[in-house]
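Visitor: Next up is a structure, given as structure tokens.
The values are calculated or read from the model by the stated rules, or taken from the named source; none is laboratory data. Note that this is a predicted model, so its numbers are computed, not measured. Keep in mind that these areas ignore ligands, DNA and RNA; they rest on the heavy atoms of the full protein, side chains included. Shrake-Rupley method; radii C 1.70, N 1.55, O 1.52, S 1.80 Å.
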Amino acid sequence: MTKHPKETDRLKRILEALPKTTVTVLGDLVADEFVYGEISRVSREAPVLILKHCERTVLPGGGANAINNLADLGVNVLPVGILGEDEPGRLLMKAFRH
């Protein structure tokens, strides 16, 4: 079923080597925040939607997303960057520890 067995074998070897690999990532550690809710009304003062908050999710973004993806592949990652001493920074650190 595979048209390119050489490429498939090469990819398998690369994936098998990932847990033995260490990568240092120097990046902008960003916390992507997603806010979910329902629109309750439109403001009378401006064309702004008023949101009834239901849920909030903070996920790794920017360089933090690359770090997270590499770790999911089994790579030993050494992240280099700065996290804020605020709630998004703490949530991002919690995501890294998870």
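Visitor: Helix-only mean residue ellipticity at 222 nm, the chain, DSSP H runs n ≥ 4 weighted -39,500 (n - 2.57), per residue, nearest 500. What is it?
Guide: -10500 deg cm²/dmol
Visitor: Non-local amide H neighbours of residue 25 (under 5 Å, H modeled in plane, Pro and chain starts lacking H): which ones?
Guide: 78, 80
Visitor: Let me ask another. For region 49-98, what is the per residue volume of the convex hull drawn over the alpha-carbon atoms, in cubic angstrom?
Guide: Cα convex hull per residue, to the nearest whole number: 115 Å³.
Visitor: Equivalent-ellipsoid semi-axes (√(5λ), Cα gyration tensor) for the chain, whole Å, largest first?
Guide: 39, 20, 10
Visitor: While we're on this one: Pairs of Cα atoms under 8 Å, at least six residues apart: use those to get the relative contact order of the chain, whole percent.
Guide: Once divided by the residue count of the chain, the mean separation gives 33 percent.
Visitor: Here is a further query. Per residue of region 70-77, in order, report the coupling 6.51 cos²θ - 1.76 cosθ + 1.60 (Karplus, θ = phi - 60°) as ³J(HN,Hα) in whole Hz, putting x for Gly and Pro.
Guide: 4, 4, 5, 7, x, 6, 7, 10
Visitor: ³J(HN,Hα) across region 23-39 via Karplus (A = 6.51, B = -1.76, C = 1.60, θ = phi - 60°), whole Hz, x for Gly/Pro?
Guide: 10, 9, 10, 9, x, 7, 7, 10, 9, 7, 10, 10, 10, 10, x, 10, 6
Visitor: Rounded to whole Å and sorted largest first, list the principal axis extents of the Cα atoms in region 11-63.
Guide: So the extents along the principal axes, rounded to whole Å, are 60, 23, 16.
Visitor: So in the chain, what percent of DSSP beta bridges are antiparallel if you round to the nearest 5?
Guide: Just about 70 percent of them are antiparallel.
Visitor: In Å², and per residue, what accessible area does the chain have when probed at 1.4 Å with the other protein chains present?
Guide: 81 Å²
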